[in-house]
Amino acid sequence: SIRQNNATNGGNSPLKLFTHAKITITDIFKNISSYVNDSNIYMTDVIKSDRNLITTDKYKDIQQLKEKVNRILSIISRDHMKVVFFGRTSNGKSTVMNAMLRERILPVGMGHTTNCFLQIEGTDRIEASILIPGSDEPKSVNNLSSISNALSNEKVDSDSLVKILWPKEKCRLIRDDVVLVDSPGIDVSANLDQWIEKYCLDADVFVLVVSAEATITVAEKKFLHNVAQRLSNPNIFILMNRWDATANEPEMVESVKQQHLERGLEFLCDELHLCDRKEATENRMFFISAREALLNRNTDPTTSPRSGYNEGYKERLVEFSKFEHEFEKCISKTAVQTKFEQHTNRGKEIITLLCETIVNMINKSQTIKQECQEKLVEMEEKNIFLEHELRSMTDSAKERIRHVSEDVYKRVAQTLNDE
Ligand code: GTP
Ligand code: MG
């Protein structure tokens, strides 16, 4: 029944917050894009008929919006949630990731296994492929063992990044736009600062995988201190892995757990000041067994680990699911904020520019209309005056003509009489 729960909890996954936000913001920008197109057509018409309604600079700004909106749309389509896994060699980073991916994708093993950064991201293709730095053509891999072969055959730098393009249809996490980054052990990495710079600045969540048989090391703490200096309030989860080892010492479990918790909380709350102790205890530290979780989820018998569960495994499986749920809530909320807030602001700027420009044009055209109307009234008044003048002029002319003609008539009559 645990397996069934795991398989079905994808429907109401908190990751949907991000995927829905992505769909919504894409729709909004498509709308903006059509407003921008309409405005472009309208303004091109206007500028043909009257150049005074819009300045050439504003006109150019509006014409450029189309490309800007398309660029934002393409950035949104590539926006994702990113999680980086780190910790000492052999603590089980790759195993944790495989358990979350529900398949043994990443090579795991004793000793130093992962020897460069591995980014797992989604592809719409049916086949998985690997992208090695320096080449731009991904190589197809048709089974999981060829992933580890490809990785061990390629000579790659320990601080370079190899991408595994994993079919979206195979895995819910990948389908919902989560990108996972695996790292070589922090104790064997030469330049931690550089890898923060290269791979971590856009990460939404960091997962520190610690071996519960040991404890958090100085190197791991130093790494997180550096992360916290570069990113304000990073989201950090601490997984106390290999908790199945406690099955051998049941009387020690509680005291060991308290010891780990105390050290973890000291670090997260008192040193890094990331959250309060209650929040950290409930939502940031988990006691898990990645080996058992992978065993539980990986249904492929050919790649399933041979050995079975230890005593008390059910509790650890529940704890693993709890971690995943908190992780999904945290990563989707953060990614929505960090990725979409800036797009929302851009969108608002574009709409404001469009509105202002159009309102300006309407105002200008109204002023012109009003000026025309005033001129019209003025002309009409002048017209009436002139008409009046003309009429009175004609009247007086008529009068004078009448006078003159009467006068002439009289004189002619007089002359006739005299004769
Ligand atoms: P590197 O890649 O070398 O840095 O190591 P890693 O941190 O990726 O560890 P990996 O996942 O390769 O695991 C190392 C070994 O520990 C493997 O043999 C795993 O099977 C084993 N292992 C991982 N998780 C657990 C666990 O929860 N319990 C037990 N008992 N073994 C585990
Ligand atoms: Mg590994």
Inter-label distance, nm, simple model (7 Å from Cα along the C-beta direction), residue 63/residue 373: 3.4
For segment 399-419 versus segment 24-66, the gap between their alpha-carbon centres in whole angstrom: 80
Packing rank of 312-324, 345-357, 91-103, where each peptide gets the mean count of other beta carbons within 10 Å, highest leading: 91-103, 312-324, 345-357
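Can you work out the FRET efficiency for the pair residue 170 and residue 42, with r the C-beta to C-beta distance and R0 = 41 Å, to the nearest 0.05? Write out the running numbers ahead of the final one.
Numbers: r = 48 Å, r/R0 = 1.16.
It comes out at approximately 0.30.
Using only alpha carbons, build the gyration tensor for segment 96-231 and give me the equivalent ellipsoid semi-axes, biggest first, whole Å. Before the final figure, lay out the partial values.
Numbers: eigenvalues 127, 53, 50 Å².
Working through the eigenvalues yields semi-axes of 25, 16, 16 Å.
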Residue 247-residue 143 FRET efficiency (beta carbon distance; Förster radius 22 Å; 0.05 resolution): 0.10
Ordering of 240-247, 277-284 by burial proxy (mean other Cβ atoms within 10 Å per residue, highest first): 240-247, 277-284
Estimated distance in nm for a label pair at residue 419 and residue 233, the labels positioned 7 Å out from Cα along Cα-to-Cβ: 12.3
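Is there a quick way to get the dipole size of segment 94-236? I mean about its Cα centre, with the Cβ of Lys and Arg at +1 and of Asp and Glu at -1; what is the value in debye to the nearest 20?
Details: 14 positive and 20 negative charges, 54 e Å.
For this selection, approximately 260 debye.
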Residue 77 versus residue 403: modelled label distance in nm, points set 7 Å from Cα along the beta carbon direction: 9.2
Sorted by Cβ density within 10 Å, fewest first, the residues 388, 325: 388, 325
Residues of type lysines that residue 369 reaches as a straight line, Cα spacing below 24 Å, ignoring anything fewer than 8 places off in the same chain: 48, 58, 382
Cubic angstrom per residue, convex hull over Cα atoms of segment 69-153: 131
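Okay, helix-only estimate at 222 nm for the chain: each DSSP H run of n ≥ 4 adds -39500 (n - 2.57), divide by all residues, round to 500 deg cm²/dmol; what do you get? Walk me through the intermediate numbers first.
Working: 12 runs with 226 residues, N = 419.
Mean residue ellipticity, 222 nm, calculated: -18500 deg cm²/dmol.
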Values of log10 I(q)/I(0), in the order q = 0.18, 0.21 Å⁻¹, for segment 164-270 under a Debye, Cα-only, solvent-free model: -1.02, -1.17
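Could you give the Stokes-Einstein D for segment 230-349 in µm² per second, using the C-alpha Kirkwood radius, 20 °C, 1.002 mPa s? Walk me through the numbers before you get to the answer.
On the way: Rh = 16.6 Å.
Reported coefficient: 129 µm²/s.
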Partner lysines for residue 348 [C-alpha distance under 16 Å; skip if fewer than 8 residues away on the same chain]: 30, 66, 68, 339
Using a Förster distance of 22 Å, the FRET efficiency for residue 276-residue 345 (Cβ separation, nearest 0.05): 0.10
For the chain, diffusion coefficient by Stokes-Einstein and Kirkwood Rh (Cα), 10 °C, 1.306 mPa s, µm²/s: 59
Rounded to 5, the percent of DSSP beta bridges in the chain classed as antiparallel: 25
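Counting other C-beta atoms within 10 Å, which of 333, 155, 222 has the fewest, and how do the rest follow?
Ordered by Cβ neighbours within 10 Å, fewest first: 155, 222, 333.
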Residues listed by number, segment 88-124, amide nitrogen under 16 Å from residue 329 label point at 7 Å toward C-beta: none
Dipole magnitude (debye, nearest 20) for segment 85-128, charges at Cβ of Lys, Arg, Asp, Glu: 240
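Taking 0.36 nm per intervening residue step and subtracting the Cα-Cα distance, what contour gain separates residue 366 from residue 311 on full extension? Provide the component values of the computation, followed by the final result.
Details: separation 55, 0.36 × 55 = 19.80 nm, distance 8.24 nm.
Gain on extension, residue 366 to residue 311, equals 11.6 nm.
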Straight-distance crosslink candidates among lysines, where the alpha carbon sits under 28 Å from residue 314 and sequence neighbours closer than 8 are dropped: 16, 93, 170, 257, 278, 322, 329
Calculated from backbone phi, Karplus (6.51, -1.76, 1.60) coupling profile of segment 247-259 in Hz, x at Gly/Pro: 4, 6, 10, x, 6, 8, 3, 4, 5, 5, 4, 4, 4
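Just subtract the alpha-carbon distance of residue 160 and residue 126 from 0.36 nm times their residue separation and send over the number in nm, one decimal. Write down the numbers at each step before the final one.
Working: separation 34, 0.36 × 34 = 12.24 nm, distance 2.61 nm.
Contour length minus the Cα-Cα distance gives 9.6 nm.
When 287, 385, 18 are ordered from fewest to most other Cβ atoms inside 10 Å of their Cβ, what list results? Numbers along the way, then the final one.
Numbers: 287 23, 385 10, 18 26.
Lowest to highest Cβ neighbour count: 385, 287, 18.
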Charge dipole of segment 363-408 about the Cα centre (unit charges at C-beta), most positive-ward option of 397, 363, 386: 363
Segment 278-352: radius of gyration over Cα atoms, expressed as a fraction of 2.2 N^0.38 Å: 1.70
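Since every read-out is calculated from the coordinates, none of them should be taken as a lab result. None of the values given here were measured: they were computed from a predicted structure. In this analysis, Cβ positions are derived from the backbone assuming ideal geometry, glycine residues included, and neighbour counts consider all displayed protein chains.
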